[in-house]
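To keep things clear, I will list the structure first and then write my remarks on it.
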Amino acid sequence: MSSFDTWRLTLPSGDVFESSTIEQINEQHVPAWLFDGAGNVVAAAEQITGSSGSLKGQIYVGSGAGARIWRCTITQNQGSTDSWGSSSSSDDVTQKIQELGETLATTRIDSTNAATFEWGEYSTAGSKSPQSVVVGEVDLPAELADQPSSFTFTVDLLETKDLTAALHPAP
Amino acid sequence: MTNYDITPNGSATPLVRLYDDSLDVIDRDQLQATEKHAVIEGGTPDSDTDGLEPGEIRFRGYWFGSDAETLAVDRLQNGIIDDSSVTQVDVQAVDDAGSNVTSPRNGIYRLTDQLSVRQVSPATPNAWEYDLRLIEV
């Protein structure tokens, strides 16, 4: 069992959103090669004189290109004592949905002002580290017909470098 | 990785380091100015190198992080591009530790008028783009 089973997103503003009800977290690695030979009509291997074996071997350069994304499906409950921005545990579902939506909409989050994502081993309590992220697509459905006591939302979190660090130092 | 240090010819400062992890493909062009079959007063070209212009090399890339503006503005823009006393630069390949390495691109180059430095976004001074065209001396 991982050492930190709560989903937590800490915004650069200091606002914290967390939930211990995690429906699903998909970690996706989306490649984007610096060179992939895609412009070639035939696979690179087929063009190399004398090559034997498979003709399907392509050339891919730049494993660091692309994106790493955590697609999170999270449930927040009315009455939960998990930190939820400025909400209190007695606030209803509508308040909590809009607390998250408004806070994300009014908080500048980018590589110079990143959020921190924690879950499982990606945490200070875990064997990995919390991840610096920016927020991608967010879906906050408010299904209020039956006066629900919880809501489930999805948010994409994209791994980012910290642009405030000396990534390219001036020698 | 192979990075490239650029300094005014004969000087160690200001030093601009082009980092390999954010360098675009390095283009080198070399034009042949002699027209094929053309008659040049005093004689037609009699070798393949007649009319061959000096090679032009192009470095394009980015700087990211807290030192990006220092590299882009203080050192490159103010220290080299805008300094009228600087007409030539030294290009030296270095490894990640800053030690010199052998490279066919090492040498002295003349600055062209196609030198640009651009802040990627007004939202941050920590990301800059450069595009430098240099002529081999």
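The values are calculated or read from the model by the stated rules, or taken from the named source; none is laboratory data. No experiment lies behind these values; they were computed from the predicted model shown. Backbone-built Cβ (ideal geometry, glycine too); neighbour counts: all protein chains shown. For accessibility, only protein heavy atoms count, side chains too; no ligands or nucleic acids. Shrake-Rupley method; radii C 1.70, N 1.55, O 1.52, S 1.80 Å.
Here are the numbers for the structure shown:
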| read-out | value |
| --- | --- |
| Filter pass, B:LEU18 being modelled with pLDDT of 70 or more and within 15 Å of the chain's Cα centre (by Cα) | yes |
| Strands (runs of 3 or more DSSP E) completely within segment B:24-102 that count 1 or more residues being open to solvent by 80 Å² or more (accessible area, probe 1.4 Å), under 18 Å from B:ASP131 (Cα atoms) and at pLDDT 90 or above | B:27-29, B:56-64 |
| Matching entry among A:THR152, A:THR160 (being in contact (Cβ under 8 Å) with a residue 24 or more places away in the chain, β-branched (Val, Ile, Thr) and away from chain B (no Cβ under 14 Å)) | A:THR152 |
| A:ALA166 vs. criteria within 14 Å of chain B (Cβ to nearest Cβ), part of a loop (DSSP other than H, G, I, E, B) and surrounded by fewer than 18 Cβ atoms within 10 Å (Cβ to Cβ) | yes |
| Qualifying positions in segment A:30-88 - at pLDDT below 90 and in contact with a Lys or Arg (Cβ under 8 Å, 6 or more places away or on another chain) | A:ALA43, A:ALA45, A:GLN78 |
| Residues satisfying the stated conditions in segment B:124-137, i.e. within 11 Å of another protein chain (Cβ to nearest Cβ) and open to solvent by 60 Å² or more (accessible area, probe 1.4 Å) | none |
| Flag if A:ALA105 is over 18 Å from A:ALA67 (Cα atoms) and open to solvent by 40 Å² or more (accessible area, probe 1.4 Å) | yes |
| Qualifying residue in segment B:105-112 (condition: among the aromatic types (Phe, Trp, Tyr) and either part of a loop (DSSP other than H, G, I, E, B) or away from every other protein chain (no Cβ under 14 Å) (or both)) | yes |
| Filter pass, A:ASP91 being over 29 Å from B:ALA127 (Cβ atoms), of a type in the set (D, E, K, R) and touching an Asp or Glu at 6+ places or on another chain (Cβ under 8 Å) | yes |
| Residue check, A:SER90 small (Gly, Ala, Ser) and under 28 Å from A:GLU27 (Cβ atoms) | no |
